[in-house]
Amino acid sequence: MFDISPTEWTAILLSLRVAIIATLVATPFGIGLAWLLARRDFWGKSILDALIHLPLVLPPVVTGYLLLLTFGRRGLVGAWLADHLGIVFAFRWTGAALACGVMSFPLLVRPIRLSIEAIDRRLEQAAGTLGAAPWQVFATVTLPLALPGVLAGMVLGFAKAIGEFGATITFVSNIPGETQTISSAIYSLIQTPDGDTAAARLVVTSIVIAMGALIASEWFARRATKRLHGN
Amino acid sequence: MLRVDVTKKLGEFSIEASFASEGRVTGLFGASGAGKTSLINMIAGLLKPDRGIISIDGETLDDVAARVHVPPHRRRIGYVFQDARLFPHLDVRQNLDYGRRMNKLADDPAQRARVTDLLDIGGLMDRRPGKLSGGERQRVALGRALLSKPRLLLLDEPLGSLDESRKVEILPYLVRLRDEAHVPMVYVSHDAAEMRQLATQIVMVRNGRVSAFGGVKVLSGGSPT
């Protein structure tokens, strides 16, 4: 039963690549937005907050369709990116990464925002009186103290990205070797008469990856907390 | 020479204070809630005055009419807070080195040795703030502020969070600091005894207004404690 076929491997590796790239690219944006939401007051803050959380509450198929309209070959942004930068999302694994990044973004941002909100602002003031410019305060005080939250957000985002299905399949379809992730491979397999054992293998694989991510996140969080408060 | 002439409204409370001081240690003396901390927060640049001017040695730090507000990190004014505010993720050595690194100052082992000796913190270098006693924390905070080479040092009730025996432990260090560190200080306290020991000039603050100014003898005029 645990003889994983090349097609299944392709789907597993693609899923990992899509989820890792989605998480790594989304994290800097996530940190920036989390900081804005935690530390700044500006007009439209609640609208921005709602926008970030939208993929969490919208039907995934709607998010996928909106991505298709925006980032597809004829979409407003997609056409421009293709013409000027040569970046194409439609029906490519990069599109899968974009869909996963968007869908997991709210889960990535939330722990980071909470951990930034929990940082004593008076420490940041103290850093200022010692000569640290605002960006230095961020780099040397805020970010290191928010690290457990950043790691938690990254792991949550990664776990969400690796399981994403609806938006991805709507946006970039289900092309083996290009956009067929574990989820869409399982979907295809259970629609095929003899696909049950193959589907079961992928199901087990996704459980293993999810468990691994959760254990890793717990380990990271504990280490980070120890580094911050212990000796 | 430190010149302060500011007004600031904070809810129902308002500060209207004007003084100039040349003393080595200017004591801002007044009861809790008199506006002392708000005043030195304005000197540090953490709080913007509504109106007025703050200058140090002829350099304008705040001039509301001319829209001048030098941000805290460009003022070169050290600040020792009542609650130390050491960085919990850095050990004592890194805390002490923080100001030097942020200001891109050259390493100055002689000054570091002088400050660590003065404050007796040489044995704490590898510890995290979480493992220090209240008095040790306050001494490290003093050292951290001094090592950023400020031109003025603000001390906001640095003994306020310590119990009596700890206060007695820290006071001699503050006296040594005054006599040996050659950095002018503004010392905030509501404790007349501390003021007598440390301050060379007194600015008495009551309800956000300067009620008396002069040598240590103005303390006898009535103590808010």
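Can B:Leu146 be described as within 12 Å of chain A (Cβ to nearest Cβ), touching a Leu at 6+ places or on another chain (Cβ under 9 Å) and not in a helix (DSSP H, G or I)? Judged against the criteria, B:Leu146 is not a match.
Within segment B:11-22, can one find any residue that is touching a helix residue (DSSP H, G or I) at 6+ places or on another chain (Cβ under 8 Å), away from every other protein chain (no Cβ under 14 Å) and under 28 Å from B:Leu159 (Cβ atoms)? Checking segment B:11-22: at least one residue is touching a helix residue (DSSP H, G or I) at 6+ places or on another chain (Cβ under 8 Å), away from every other protein chain (no Cβ under 14 Å) and under 28 Å from B:Leu159 (Cβ atoms). Only residues that are touching a residue at least 12 places away in the same chain (Cβ under 8 Å), surrounded by fewer than 16 Cβ atoms within 10 Å (Cβ to Cβ) and among the aliphatic types (A, V, I, L, M) were counted in segment B:106-146, giving 1. Of the residues making up segment A:179-190, those that are surrounded by fewer than 22 Cβ atoms within 10 Å (Cβ to Cβ) and either more than 24 Å from the chain's Cα centre (by Cα) or free of Cβ contacts under 8 Å to residues at least 24 places away in the same chain (or both) are A:Tyr187, A:Ser188, A:Leu189, A:Ile190.
The residue that is modelled with the lowest pLDDT, among those in segment B:178-197 that are more than 13 Å from B:Gly30 (Cα to Cα) and either surrounded by fewer than 21 Cβ atoms within 10 Å (Cβ to Cβ) or among the aromatic types (Phe, Trp, Tyr) (or both), is B:Ala181.
Can you confirm whether B:Asp83 is within 14 Å of chain A (Cβ to nearest Cβ) and either at pLDDT 95 or above or not in a strand (DSSP E or B) (or both)?
yes
When B:Phe29, B:Phe87 are checked against the criterion of being crowded, with 17+ Cβ neighbours inside 10 Å, touching a helix residue (DSSP H, G or I) at 6+ places or on another chain (Cβ under 6 Å) and farther than 30 Å from A:Ala146 by Cα, B:Phe29 stands alone in meeting it. Candidates A:Val150, A:Val137, A:Val109: the one that is part of a helix (DSSP H, G or I), more than 7 Å from chain B (Cβ to nearest Cβ) and either aromatic (Phe, Trp, Tyr) or crowded, with 23+ Cβ neighbours inside 10 Å (or both) is A:Val109.
Only strands (runs of 3 or more DSSP E) whose full extent lies in segment B:1-77 are considered here, and the ones with at least 2 residues that are within 25 Å of B:Arg196 (Cβ to Cβ) are B:2-10, B:13-21, B:25-29. B:Val68 meets the conditions (1) away from every other protein chain (no Cβ under 14 Å); (2) within 26 Å of B:Leu174 (Cα to Cα); (3) touching an Asp or Glu at 6+ places or on another chain (Cβ under 7 Å); (4) β-branched (Val, Ile, Thr) in every case but one. The failed one is (2).
Would you confirm, using the coordinates I've provided, whether B:Asp156 is within 12 Å of the chain's Cα centre (by Cα) and not polar (S, T, N, Q)?
It is true that B:Asp156 is within 12 Å of the chain's Cα centre (by Cα) and not polar (S, T, N, Q).
With respect to being outside any loop (DSSP other than H, G, I, E, B), of a type outside the set (Gly, Ala, Ser) and touching a residue at least 60 places away in the same chain (Cβ under 8 Å), B:Leu219 fits the description. Of all residues in segment B:32-55, those that are within 14 Å of chain A (Cβ to nearest Cβ) and surrounded by 14 or more Cβ atoms within 10 Å (Cβ to Cβ) total 10.
So, in segment A:191-231, exactly how many residues are exposed (fewer than 14 other Cβ atoms within 10 Å of the Cβ), more than 14 Å from chain B (Cβ to nearest Cβ) and outside any helix (DSSP H, G or I)? Matching residues across segment A:191-231 total 4.
Kindly indicate which of B:Leu118, B:Leu153, B:Leu174 is more than 12 Å from chain A (Cβ to nearest Cβ) and either part of a loop (DSSP other than H, G, I, E, B) or under 17 Å from B:Ser189 (Cα atoms) (or both).
B:Leu174
The values are calculated or read from the model by the stated rules, or taken from the named source; none is laboratory data. None of the values given here were measured: they were computed from a predicted structure. Here Cβ is always computed from backbone atoms with ideal geometry, including for glycine, and neighbour counts include all displayed protein chains.
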